[in-house]
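In what follows, a single structure is set out as structure tokens and then discussed.
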Protein chains: 2
Amino acid sequence: MDGKARVPRYDERMARSNRQRTSRRAVYETLRRKVLTLELPPGAALSENELAAALGVSRTPVRESLILLSQEGLVQIFPQVGSFVSRVDPAKVADAQFLREAVELAALDDLPAELDADLVEELRRNLAEQERPGLGLEDFFELDEAFHHALLRLSGHGSAWATVVSAKGHLDRARRLGLYDTATPTGFAAQHVEIFEAVLGGDAALARSAMRTHLRAVFDDVERVRARSPELFAKDTGSVPVRRNVVVWE
Amino acid sequence: MDGKARVPRYDERMARSNRQRTSRRAVYETLRRKVLTLELPPGAALSENELAAALGVSRTPVRESLILLSQEGLVQIFPQVGSFVSRVDPAKVADAQFLREAVELAALDDLPAELDADLVEELRRNLAEQERPGLGLEDFFELDEAFHHALLRLSGHGSAWATVVSAKGHLDRARRLGLYDTATPTGFAAQHVEIFEAVLGGDAALARSAMRTHLRAVFDDVERVRARSPELFAKDTGSVPVRRNVVVWE
DNA sequence: CGACCAGCACTGGTATACAAGCACCGGTCG
DNA sequence: CGACCGGTGCTTGTATACCAGTGCTGGTCG
């Protein structure tokens, strides 16, 4: 049990197996999507057993996914009690807003003199897509994500996006509420164009200003929604908890 | 199985059970500490079975802890192959540096006109501790963490610290290498004082400048260490992987 | 001697079984 | 009628068993 033991080597070629299609990953992505799209509304009870049965797997991958979501703050786990989709906590939303603003503005300061042509082209196509008539809300969100991510890559900080994504879960849910409410993402698309053109023109100050305005507009939207639908937000006014959230697995 | 089913309610009083002392949490904290202190060096093989036996628990909490550490980027899991302590990836170190700088500088812009007296006092005591003679390196790191965290709280963004902490794992390990190398954290303590006094004086620009200098100094230290001990860093110069790292569980 | 190849030991992924604990329900007692 | 109090069914936490896949090892064959 000593001499012949296989000692795994830390080899770089292992990096190939990055995209593992394990069932944990599938469950995690499914649950995360359902939480962010509000298909699993804030406050909903998540039973490991129910989820496992519904998804056709055992408790293990479900449980591990919940733990990951819990670390992201999208789910809260109370031992021996239950797991729940987190309420939208205004404090956490504000934190996500702060963090996102800090990162995205700082990135604009690091823009290189010579912009990557491929990325610029990608951004251009993205913006064109955003103004396509009849664009669905989910599509817009996808484009919005890609736009901000590409902007970060433009300054060489693309991998910082992952951290932003993880932190802005609460913000995303709140934004989604806001956009479902207003149903007018066209204003945001225009702001995207404004930012992009400032970046292209090399006007860092203008880009910063436009970006800040854009991000703040999103945040203000959240505050407006909160005034209208306080039941989805965490308690800070002594609101009564929702008694039951019906979850339908299609 | 329907009418009498217990439906857990999302109740705020559940928040009391925040500090659960489950064995998963214990294992997670132990492993994280060992990774960050380099007691588990970058590249070390982590066998779920060995860890479980060594820590006196089953594979389950060990496995869940590794998954969490994996999401933080401190551990890499390769299915059917093995789990390893991540090498210090220069790109990730740079990302953490960028994110930290962005957040901490942005926080300085949000300092209120009237500083919280308790926090100021806490910072003052912290700085005094930092200059205590015979201070151990671990103690200094603890004080350093507390200092930066308190500064964030001073601007009302204390909870953003958690995100920074999670993201800067790689940076921490690299910093630790640097400080073990130089063994002169006194310079950093002086920079802390400089930042603090600028904050007290209400000179935001000076505070920003001092903070940037401070954080950059830390980062430069990392680069210096990397030139000296490349084997702990991820490949980018075709370095040969370490074959074996002996792990002693006291 | 070198290339090949089958077996083996170990890996993490998943499924399942058991344990500890909380919350609700309903009967009971004051 | 209200407060108490134990039973009961759920919850998550942990331990264990089994599985598919992978790299090493060592013998074999050209």
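The values are calculated or read from the model by the stated rules, or taken from the named source; none is laboratory data. Predicted model only: the values in this text are computed from it and were never measured. All Cβ positions, even for glycine, are placed from backbone atoms using ideal geometry, and neighbour counts span all protein chains on display.
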Selection count, region A:27-48, where residues are within 12 Å of A:S65 (Cα to Cα) and either part of a loop (DSSP other than H, G, I, E, B) or touching a residue at least 12 places away in the same chain (Cβ under 8 Å) (or both): 7
Members of region A:55-65 found to be within 12 Å of DNA strand D (Cβ to nearest atom) and either without any contact (Cβ under 8 Å) to a residue 40 or more places away in the chain or loosely packed, with under 14 Cβ neighbours inside 10 Å (or both), listed by number: A:S58, A:R59, A:T60, A:P61, A:V62, A:R63
Flag for B:D172 being modelled with pLDDT under 85 and closer than 24 Å to A:W161 by Cα: yes
Every pair of residues 6+ apart whose Cβ atoms lie under 7 Å, when the first sits in region B:204-219 and is at negative phi while the second is surrounded by fewer than 15 Cβ atoms within 10 Å (Cβ to Cβ): B:A204/B:D109
Members of region A:12-32 found to be away from DNA strand C (no atom under 13 Å from the Cβ) and either modelled with pLDDT under 95 or under 24 Å from B:D89 (Cβ atoms) (or both), listed by number: A:E12, A:R13, A:A15, A:R16
Residue identified as within 16 Å of DNA strand D (Cβ to nearest atom) and either touching an Asp or Glu at 6+ places or on another chain (Cβ under 6 Å) or not charged (D, E, K, R) (or both) among B:P133, B:P79, B:P90, B:P112: B:P79
Matching helices (runs of 4 or more DSSP H) fully within region A:75-188 where at least 3 residues are at the interface with another protein chain (Cβ under 9 Å from one of its Cβ atoms): A:90-109, A:160-167
